[in-house]
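Engineer: Sending over a structure as structure tokens; questions will come in a sec.
The values are calculated or read from the model by the stated rules, or taken from the named source; none is laboratory data. Note that the structure is a prediction, hence the values are computed from the model and not measured. In this analysis, Cβ positions are derived from the backbone assuming ideal geometry, glycine residues included, and neighbour counts consider all displayed protein chains.
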Amino acid sequence: MDDLKFGRRNKRGDWAPDTPIQVAPLLDRFPPRLLAIVKWLPHYFLPWNVMYLALALAYWAWIIPDTEVMKTLDWHWAGWLFLVNAVAVFLFYGAFELRLYVLRHQKNRFKYNGTFPAEQRSEAFMFKRQDIDCIIRTFASGVTIWTAIEVFMLWAYANGYAPWLGIAEHPWILLIVFLLIPVIHELHFFCIHRLIHTPFLYKWVHSVHHNSVNPSPWSSLAMHPVEHLLYFGTAFYHLILPSCPVLMLYQLHVAGFGAIPGHVGFDKVEIGENHAVDSHSYAHYLHHKYFEVNYGDALLPLDRWFGTWHDGSPEGEARMQARYRKRKEKIAAREARKSAG
Ligand SMILES: [Zn+2]
Ligand SMILES: [Zn+2]
């Protein structure tokens, strides 16, 4: 595909889309535009969320042990779930890495950053390599904490500590919770993300994730264990929500597998000669590039409400620069007052 029909490439080789990033029409204006929402609705599910839901159903059908077994915490079934999660992550993340970054199947077409992380060694990473550092963090603490939360939640369901609704008795409630799951994820992610950008937590926790200035698939779960705990903590809402284990698994998958599209580094993943799937990752790419914009993923207009939205346009850039300038002036004024006093 010709990526220059969709965007432009600068002298450094960085590609950017021509059209500004659109916030999903859910709450972007009042009164809501119903027609726009209906038109957008398929994108809410396809292709990513349907994939995560299918994986949750497959887990429930073939992977998750009997409720009787899960009443007792045990290394056997916990270890089995860890193994399955690790293999699933390896295959899912690895497929993107292999196609786009190892085989470089679409070269740098639609690639935001003109260089590949393998071309830049950095002291910030273990063994100076982004891929190895990120793989270690993904499996050592990412999949471990993900599995630990999953095991805890399943144990809670098995023992009646979390509200478990049957689909036959409560189809409508479960449908509403199902529809809300990506929204819950977005709200939760935005809040914890703002929290870990506070100076102390940024320095000791979130800076690990931001080592990937040029993110690639393995950057998705390259986080400090505290961030993993906060990030996968999104499953804990199901301790109080009228829900069921499949929806809780879907919630975890939206976090665990859903981290991938945001870090794929390409605007479109080509499939065959003339087809491509949108990654919708430009907003999060800009977050990795500029640090203090786009704390959310544009499902809700949270960044616009809080003044941190960057849609990739020159106006978005100007708004960000003005905000940075204002803050600098504030700090300079404070310093001047201090030295005068
Ligand atoms: Zn990220
Ligand atoms: Zn961040």
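Engineer: Restricting to region 294-307, what's the tally of residues that are surrounded by fewer than 21 Cβ atoms within 10 Å (Cβ to Cβ) and within 16 Å of ligand 2 (Cβ to nearest atom)?
Structural biologist: Final tally of qualifying residues: 1.
Engineer: Taking region 41-55, which residues are touching a residue at least 12 places away in the same chain (Cβ under 8 Å), more than 14 Å from Leu299 (Cα to Cα) and out of contact with any His (no Cβ under 9 Å at 6 or more places or on another chain)?
Structural biologist: Pro47
Engineer: Okay, next question. Given the residues His263, His287, which is the only one that is within 14 Å of ligand 1 (Cβ to nearest atom), out of contact with any strand residue (DSSP E or B) (no Cβ under 9 Å at 6 or more places or on another chain) and farther than 19 Å from Asn85 by Cβ?
Structural biologist: Result: His287 is the single residue among His263, His287 that is within 14 Å of ligand 1 (Cβ to nearest atom), out of contact with any strand residue (DSSP E or B) (no Cβ under 9 Å at 6 or more places or on another chain) and farther than 19 Å from Asn85 by Cβ.
Engineer: Identify the residue in region 235-257 that is within 10 Å of the chain's Cα centre (by Cα) and more than 16 Å from ligand 2 (Cβ to nearest atom) and, among all such residues, is surrounded by the most Cβ atoms within 10 Å (Cβ to Cβ).
Structural biologist: Gly256
A quick yes/no check of all residues on (1) surrounded by 11 or more Cβ atoms within 10 Å (Cβ to Cβ); (2) assigned by TED's automatic domain parsing to the domain that holds Leu252; (3) in contact with a Leu (Cβ under 7 Å, 6 or more places away or on another chain):
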{"position": "Arg8", "(1), (2), (3)": "yes, yes, no"}
{"position": "Arg12", "(1), (2), (3)": "no, yes, no"}
{"position": "Asp28", "(1), (2), (3)": "yes, yes, no"}
{"position": "Ile37", "(1), (2), (3)": "yes, yes, yes"}
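Engineer: Here is a further query. So which of Leu195, Leu230 is buried (at least 19 other Cβ atoms within 10 Å of the Cβ), without any contact (Cβ under 8 Å) to a residue 40 or more places away in the chain and within 16 Å of ligand 2 (Cβ to nearest atom)?
Structural biologist: The unique qualifying residue is Leu230.
Engineer: Would you check which residues across region 119-147 are closer than 30 Å to Phe236 by Cα and aliphatic (A, V, I, L, M) and list them?
Structural biologist: Once the filter is applied, which keeps residues that are closer than 30 Å to Phe236 by Cα and aliphatic (A, V, I, L, M), region 119-147 yields Ile135, Ile136, Ala140, Val143, Ile145.
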